[in-house]
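First up is the structure itself, then whatever we jot down about it.
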Amino acid sequence: MTQVERVDRRRQAAVIFLVSLAGLLLEVAYTRIVSYKLWYYYVYLVIGLSLLGIGTGGIALATLRRLRDRSTEAILTGACIVAGALVPIGYVIIARVPINTVDIWDYGSASSFHNLAVLGLISFLLFGSFISVGLVVATILGRADGPVGGLYFADLLGAGIACLLAIPLVSAFGPPTVVMIGALLFACAALVSHGVRRSMQAVGAGALVVALGVVLVAHNSLPDVKPEQNKLDPVALHASYSDWGPVFRVDVFKVAVENYLLAHDATFGSGIWKYNGDPASLTRFDIDPRRLPFDVLGKPPAHTLIVGSAGGNEILAALHFHSPRIEGVELNPVTVSILTTHFADFTGHLPDQPGVTIHQGDARSFVARSKDHYQLLWFVAPDSYAANNAVSSGAFVLSESYLYTSEMIQRSLEHLTDDGLLVTQFGELDFANRPNRTARYVVSARAALSALGVRDPQRHIAVVDETGTAGSAPTVIVKRTAFTAAEIARLDAAVPKTPVVVHTNGATVTEHWRLLYAPDRPPADHIVARLAGATSDAQLRRVEATYPLTISAVHDDQPFFWHFASFRSVLHHIFTPIQSLGFDPENSVGERVLLLLLGISILYAALFLLVPFLFVRRTFSALPARGVSAVYFGALGLGFILFEITMIQRLTLLLGYPTYSLTVTLAALLLSAGVGALWSSRLESRGVALMPRLFVALCALTMVYEFGLGRITDGALDRSLSVRIVVALVVLMPLGIALGMFMPLGLAQVHRISPGEIHVAWAWAVNGFLSVIGSVLATILAMEFGFRKVQWLALAIYGVAVIAFIVLGRQPDATQTAESLSSDATLAPAPSSGAPIAGTP
């Protein structure tokens, strides 16, 4: 390799690094933007469309003659300039265009067609933002002169570093600014690709860098994201405070003189109440369901832990009822800052009150680390989907929560004193007819009690309902020991027997209270009472079967607490307008969106990744072993993303903070895969012999994850976050190294049997096709079968890839094929693809 070739290769490595860095930053930033603008389950739109755009860029290179005929430098520079210019324009349109996605399901109406068209526009702009990434990567890898391992390493290194930087950047500057940083990186890549020579492209790239630099300096002037019409618009409602956090965006709205509303990702959150420092002044809690656990105890709890302390309302209740030691755990750092900084005066500096401590972090790991035992362990979710939003706003996440699994309930019960109470409160939209959350939690609590060896779980549960004009706030109380007669009597006495009139924020509300279930008390005629009072597992199953939705116990392997509608039932009614079924946001909406996105993924991936090969069908039909290579690279696309998603989800429990799981897992897999790619460059000649060994290594790793990851997680949960991150890296690095070797080894085989861009593009296409589909399919499968079974499926798919690779390895070299054809006088010369040979301009 000459000095000039070495310089060009280094420049290309720098370009592919910058472009991959920009692409991953864009992807993470847009998952936050789309989660806020639309709903959390639309993050799959970003994941799938980013993969689709990247794949389409590679296909365009192989199928468009005008691109194929251009020099490598021209393609790289032009693609980066276009991306740097169009990404900011796309962001402005995505951010400001109004939409109402719920109306999409009102089939046949004008609003349905209109909003579906707007969703299509948003999808197209997201898709277009990533085409340049694929074009750059495919050009560099497809035209590489020599082993591609080093270039592939630069690609994965850029993506891995982006994973590490994305969340700190989002937290510090917000997703809109991170999108602009991505655009600036594209512009910088254009300058690097073009070099120091003067030309119009160089002038354009330089001007773009300057313009985007100015935008970043004035990033506070970027247009804000307008949420869809069913959400709370901070501009229309004159938000008093707004900030993007790593978990969800927080907006604060003034409700009354004494009260603000805390919104999470533009959905209803909890209240922020004015406090003068005197607990006796908080008389509103005397007629509030939050008083129930204190009534049952009969005395102030010596130690109270509040999970999801949010705006501090439950902390105020604990102060009012004289708990001397109160701890709150809140996931989102921005929410914590509401009490510690931005509204500290309004809330009476609540974290500084005697006996009060607020922790920022994940409750599951906090409880695991705690050496304390609590008299009151309080899970707060009566006001909103706050807990749900907190864990479901990151990529590859639908609505799973490790806070409400049977394993978490069991661990919580183990941290109670002998007379301690585990209290959970859920807001219900229609408790009389659809007590989805409360019913499922009761069933999960019974499973936890049974796991602890309790033979009569019905004596350890009590349920109270409070229903007003704004909905219901049921309270579930669970004890590790059986309820005593005195505790039941105090609970019974605490429940008002007549309607309660409440005056709040200038409104008058009439509330009706009911003791639905308590041991030795007549149960109410309600499914929750029947579930709580079932005297055997068989009776419990019979009661469950009478409910139209899925309310079975939730476990860590399938922590989808809010997944109430099976995909089979959703498919049965998929063409029925959801409004005619009695609209319920917990019934079928998320599942319909997933199925819609799966269908869109298949359609778009086929249209943009596979159909273009019809335009080069003469060249394409001449490719040797194209079917086998499709099986190999398609298996890599689907298998890798199944491994990736399941590891992200399973390590959420270890790392606690969902965003940490996303970034640590992706960074570890991408960086270690880059190491594997580098190693593979030295082993290309032994690929066929190496493949079975790689598969044996994957089998061993999958066995470790299947039977050992749970123990590793349990053993490390009580460690500090830094230790848990190191544990996660150690767990993931071997997997990443093994998976990282498959792609470059496969590309080496493709180059060997068919040099040129068209076969690499075909490999890129089928890999992207299965990756796009897999990004949605993986979660659907996990919701139905659990993460562990999906991981075994990923292993089986890699087994198919190994077989396909061995078949590829038996194909003759391109030079041997050409010599054979030229020596056979009866055969015409092989048609030329018209594509440049790898390594040529």
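Summary value for the stretch 505-633: 11 percent relative contact order, contacts being C-alpha pairs under 8 angstrom separated by 6+ residues. Based on the alpha-carbon gyration tensor of the stretch 397-542 and its eigenvalue square roots a ≥ b ≥ c, which shape applies: rounded if a/c is under 1.5, prolate if not and a/b is larger than b/c, or oblate? Note, shape of the stretch 397-542 comes out prolate. Pairs from the list 231/254; 231/497; 274/299; 254/479; 254/497 with a Cα-Cα gap above 28 Å: 231/497; 254/479; 254/497.
Expressed as a whole percent, the accessible area of the chain that falls on carbon and sulfur atoms is 63 (1.4 Å probe). Rounded to the nearest 0.05, the FRET efficiency derived from the C-beta distance between residue 510 and residue 281 at R0 = 25 Å is 0.55. Across the stretch 769-777, computed HN-Hα scalar couplings (Karplus, 6.51 cos²θ - 1.76 cosθ + 1.60, θ = phi - 60°) run 4, 6, 5, 4, 5, x, 4, 9, 4 Hz from first to last residue, x flagging Gly and Pro. Helix 687-716 and the long axis of the chain differ in direction by around 10°, with both axes built from C-alpha atoms.
In the context of the full set of protein chains, residues of the chain present 37 Å² of accessible surface per residue (probe radius 1.4 Å, heavy atoms only). Rounded to 0.05, the FRET efficiency of the residue 541 and residue 64 pair, given R0 = 45 Å and the Cβ-Cβ distance, is 0.15.
Across the stretch 281-358, the mean sequence separation of Cα contacts (distance under 8 Å, 6 or more residues apart), normalised by length, yields a relative contact order of 28 percent.
Annotation: extensible slack from residue 521 through residue 114 equals 141.1 nm (criterion: 0.36 nm per residue apart, minus Cα-Cα distance). With contacts taken as Cα pairs under 8 Å at a separation of at least 6 residues, the chain carries a relative contact order of 16 percent. Here the calculated FRET efficiency for residue 322 and residue 618, from their Cβ-Cβ distance with R0 = 60 Å, stands at 0.10, rounded to the nearest 0.05. Please identify the chymotrypsin sites (Phe, Trp or Tyr not before Pro) of the stretch 422-518 that satisfy two criteria: DSSP loop assignment and at most 13 other Cβ atoms within 10 Å. Which are they? Taking the stretch 422-518 and a limit of 13 other Cβ atoms within 10 Å, no loop chymotrypsin sites (Phe, Trp or Tyr not before Pro) are found.
Taking each residue as 0.36 nm, the span from residue 291 to residue 550 lengthens on full extension beyond its C-alpha to C-alpha distance by 90.2 nm. When shorter helices are ignored and each DSSP H run of at least 4 residues is given -39500 (n - 2.57), the per-residue value for the chain at 222 nm works out to -18500 deg cm²/dmol. The modelled label-to-label distance for the pair residue 576/residue 482, using points 7 Å beyond Cα in the direction of Cβ, is 4.4 nm. Debye calculation, C-alpha points only, no solvent: report log10 I(q)/I(0) for the stretch 105-168 at q = 0.15, 0.21, 0.22 Å⁻¹, in the same order as the q values. So the normalised log intensities are -0.69, -0.90, -0.94.
Just for the chain, what percent of DSSP beta bridges are antiparallel, to the closest 5? Roughly 65 percent of the DSSP beta bridges within the chain come out antiparallel. In plain terms, the C-alpha convex hull of the stretch 211-283 casts an average shadow of 7.3 nm² when viewed from every direction.
Can you pull the percent of Cα pairs in the chain with separation above 40 Å? Tail of P(r) above 40 Å: 40 percent of Cα pairs. Against the main long axis of the alpha-carbon atoms of the chain, helix 175-194 sits at an angle near 10°. Overall, the anisotropy analysis places the stretch 721-802 in the oblate class: the square-rooted eigenvalues a ≥ b ≥ c of its C-alpha gyration tensor yield a/c not less than 1.5, with a/b not exceeding b/c.
Label-to-label distance, residue 203 versus residue 785, with points set 7 angstrom from Cα along the beta-carbon direction: 5.9 nm.
Here the Karplus relation 6.51 cos²θ - 1.76 cosθ + 1.60, evaluated at θ = phi - 60°, turns the backbone of the stretch 91-100 into coupling constants of 4, 4, 5, 4, 5, 9, 5, x, 7, 9 Hz, with x for every Gly and Pro. Protection proxy ranking, highest mean first, for peptides 122-130, 641-649: 641-649, 122-130, where packing is the per-residue count of other beta-carbon atoms within 10 Å, averaged. Taking amide hydrogens as placed 1.01 Å from N in the peptide plane, the amide H of residue 258 sits under 5 Å from that of no residue at least 5 positions away in sequence or on another chain. The stretch 154-171 and the stretch 460-533 have their alpha-carbon centroids 49 Å apart. In this simple spin-label model, placing a label point 7 Å from the Cα along the Cα-to-Cβ direction at both residue 433 and residue 216 gives a separation of 5.4 nm.
Label the stretch 1-158 by shape, choosing from rounded, prolate and oblate, from the square roots a ≥ b ≥ c of the eigenvalues of the Cα gyration tensor; if a/c is under 1.5 it is rounded, and otherwise prolate applies when a/b is larger than b/c, oblate when it is not. Prolate, since a/c reaches 1.5 and a/b exceeds b/c. Helix 200-217 and the longest principal axis of the C-alpha atoms of the chain enclose an angle of approximately 10°.
Under a 5 Å amide H cut-off, with hydrogens placed 1.01 Å from N, residue 348 pairs with 275 among residues at least 5 apart or on other chains.
Full extension of the chain segment joining residue 97 with residue 373 gains 94.3 nm, where the gain is 0.36 nm per residue of separation less the Cα-Cα distance. Out of the trypsin sites (Lys or Arg not before Pro) in the stretch 478-542, which ones are loop residues according to DSSP with at most 11 other C-beta atoms within 10 Å? In loop regions of the stretch 478-542 (DSSP not H, G, I, E or B), the sparsely surrounded trypsin sites (Lys or Arg not before Pro) are 497.
The values are calculated or read from the model by the stated rules, or taken from the named source; none is laboratory data. In this text the structure is predicted, and so the values were computed from the model without any measurement. Glycine also receives a Cβ, built like all others from the backbone with ideal geometry; neighbour counts cover every protein chain displayed. Side chains included, ligands, DNA and RNA excluded: accessible areas come from the protein's heavy atoms. Shrake-Rupley method; radii C 1.70, N 1.55, O 1.52, S 1.80 Å.
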